[in-house]
Amino acid sequence: MTDDAKSRLFFSKTFGEKIYWDRLEPEGSYLLSGFTRERDPPSTDAGIFFSKAFATSQEHLSFNDQNNMQVIPYYYRASLEHDSEDITITTLVTRDRFLVFKQLVERYKGPISATIHVSKKELNTDSGSGFVSILHQLYSSSPFMALNVDIHLVVTPTVSDRQFNTWRNIARMFARTDYVMMLDVDFVPCTNFKERLKIAAGDEIKNLVRSGEAALVVPAFEFTKHEDGLDASTFPADKKALAELYNASRITMFHNSWAPGHNSSDYPRFLFSSRPGEIYKIKTYQHSYEPYVIFRRDGPGSGIPWCDERFVGYGGNKAACLFEMYLSGVSFYVLSDDFLVHQSHIYDEMARKLERRYNRKIYADFREETCLKYLKAFFDRGTLESPRAANAREECKKVRGVSRFITQVCANCSGFLAWR
């Protein structure tokens, strides 16, 4: 959806609103039908629109006898209009992360599009008015909120309806700049990558990002001791301070215990070999890679893919976003001067363990389906041997079962399978 089209949506802070679309046909086109021109533009019920826009998430919520998800875009709308080439942080926030969210807002001082989740159960109890009051207090607590932050509410039947990728898509959908950064709320941007990119990024890389062929990685770190990562005011502010902490074993790659998640960013090169201002390409992508990236919100043509919404809870959801992005032809480039640091907090390890087990199987199926989807799409367009299809060609060789699926659905597979 373009910014112009999006600006023609009218919402209030209540449910049941309609979405109105300006007419796009020529002035006299109504005469062709023989009807008198209507005064009002055609409309679509907002609930119907969003049930279609996020249909997969609707299916994976287990309440089939009611409206499973309600979306209220721009429940709070920022007053400042940012340059179209600015970078909007898109994030998702739950009630227990409000304080960290405020810290992110005050640290970034730029556009943020945030999805906030609340359950119907919370709204239908005495605490419902409390939630609205607390949210208003949060938004009123800092001038940077009203200036820079758009908040979109998602209401689902229960607290446990954690549709993380849906929330990411909502935040991205209603971002109001051409570029977004998909970021978890508990990460602290320690450097001013937003301003640096305007000055330092080479024309070649800028053009790749503009064309939807590149995403920029900001490497993520975490403290080795939980207590060292609690106070963001003590976090390193430049790469020299970061390297000193790394050499002292006080800070390390984020989720160091799960190396596939971030090690493709090549941390030794980032810390000790890269030149100031360098932007280097990821050379060893693998399917568990889930960095925090800056990319074009709606790339030209078919656009950069949206996050797959079948995942519920922890495990595989963000990696799936990056996997499909990579297969579509987007390559990853690391910003060598910039980094994020994770702000420590307690995880619900029992829930994470169960959800990861569930999502591991879903992710395996997703990889097979997504490989088939992109290989066949490139083949049908006659671009399977093009540079844009290189990521899909190489990565899908690793996926068990893809060749079998291809032979089942492709009537003439001889040319299609030649890439193997």
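For Phe101, state whether it is in contact with a strand residue (DSSP E or B) (Cβ under 9 Å, 6 or more places away or on another chain), surrounded by fewer than 19 Cβ atoms within 10 Å (Cβ to Cβ) and hydrophobic (A, V, I, L, M, F, W, C). I'd like the intermediate steps shown before the answer.
Numbers: in contact with a strand residue (DSSP E or B) (Cβ under 9 Å, 6 or more places away or on another chain): yes; surrounded by fewer than 19 Cβ atoms within 10 Å (Cβ to Cβ): no; hydrophobic (A, V, I, L, M, F, W, C): yes.
Taking the combined requirement at face value, the residue does not satisfy it.
Residues in the stretch 101-129 that are modelled with pLDDT of 95 or more, in a helix (DSSP H, G or I) and of a type in the set (A, V, I, L, M, F, W, C): Phe101, Leu104, Val105.
Taking the numbered list (1) of a type outside the set (Gly, Ala, Ser); (2) outside the structural domain of Leu245 (by TED's automatic domain parsing); (3) modelled with pLDDT of 90 or more; (4) not in a helix (DSSP H, G or I) in turn, Asp338 passes all entries but (2). When Phe187, Phe174 are screened for being under 21 Å from Gly110 (Cβ atoms), touching a Ser or Thr at 6+ places or on another chain (Cβ under 7 Å) and aromatic (Phe, Trp, Tyr), only Phe174 passes.
Mind checking which strands (runs of 3 or more DSSP E) fall wholly inside the stretch 161-256 and carry at least 1 residues that are of a type in the set (Gly, Ala, Ser)? Full working, then the answer.
Values: elements: 179-182, 187-189, 214-218, 220-223, 251-253.
Once the strands (runs of 3 or more DSSP E) in the stretch 161-256 are filtered for at least 1 residues that are of a type in the set (Gly, Ala, Ser), what remains is 214-218, 220-223.
Val217 meets each of the listed conditions (1) more than 29 Å from Lys102 (Cβ to Cβ); (2) β-branched (Val, Ile, Thr); (3) surrounded by 15 or more Cβ atoms within 10 Å (Cβ to Cβ) apart from (1). In the stretch 356-382, the residues that are over 14 Å from Arg393 (Cβ atoms) form Cβ pairs under 7 Å with partners that are surrounded by fewer than 16 Cβ atoms within 10 Å (Cβ to Cβ), at six or more places apart or across chains, as follows: Glu368/Gly401. Remark: Val132 falls outside the filter, which requires a residue to be at pLDDT below 95, more than 25 Å from Asn192 (Cα to Cα) and not in a helix (DSSP H, G or I).
Here Glu355 meets each of (1) under 24 Å from Asn169 (Cα atoms); (2) modelled with pLDDT of 95 or more with one exception, condition (2).
Residue by residue, here is whether (1) of a type in the set (A, V, I, L, M); (2) modelled with pLDDT of 95 or more; (3) not assigned by TED's automatic domain parsing to the domain that holds Asn391 holds:
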| residue | (1), (2), (3) |
| --- | --- |
| Val209 | yes, no, yes |
| Pro236 | no, yes, yes |
| Ala248 | yes, yes, yes |
| Tyr267 | no, yes, yes |
| Gly277 | no, no, yes |
| Tyr285 | no, yes, yes |
| Asp298 | no, no, yes |
| Pro305 | no, no, yes |
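Screening Asn263 against (1) in contact with a strand residue (DSSP E or B) (Cβ under 8 Å, 6 or more places away or on another chain); (2) surrounded by fewer than 20 Cβ atoms within 10 Å (Cβ to Cβ); (3) under 23 Å from Gly110 (Cβ atoms) leaves a single unmet condition, (3).
Could you say which residue among Leu327, Leu322 is at pLDDT 95 or above, in contact with a helix residue (DSSP H, G or I) (Cβ under 7 Å, 6 or more places away or on another chain) and within 23 Å of Ala389 (Cβ to Cβ)? Outline the logic, then answer.
Working: Leu322 fails: in contact with a helix residue (DSSP H, G or I) (Cβ under 7 Å, 6 or more places away or on another chain).
The unique qualifying residue is Leu327.
The values are calculated or read from the model by the stated rules, or taken from the named source; none is laboratory data. Everything numeric in this text was worked out from a predicted model, so none of it was measured. Cβ atoms come from the backbone with ideal geometry, glycine included; neighbour counts cover every protein chain shown.
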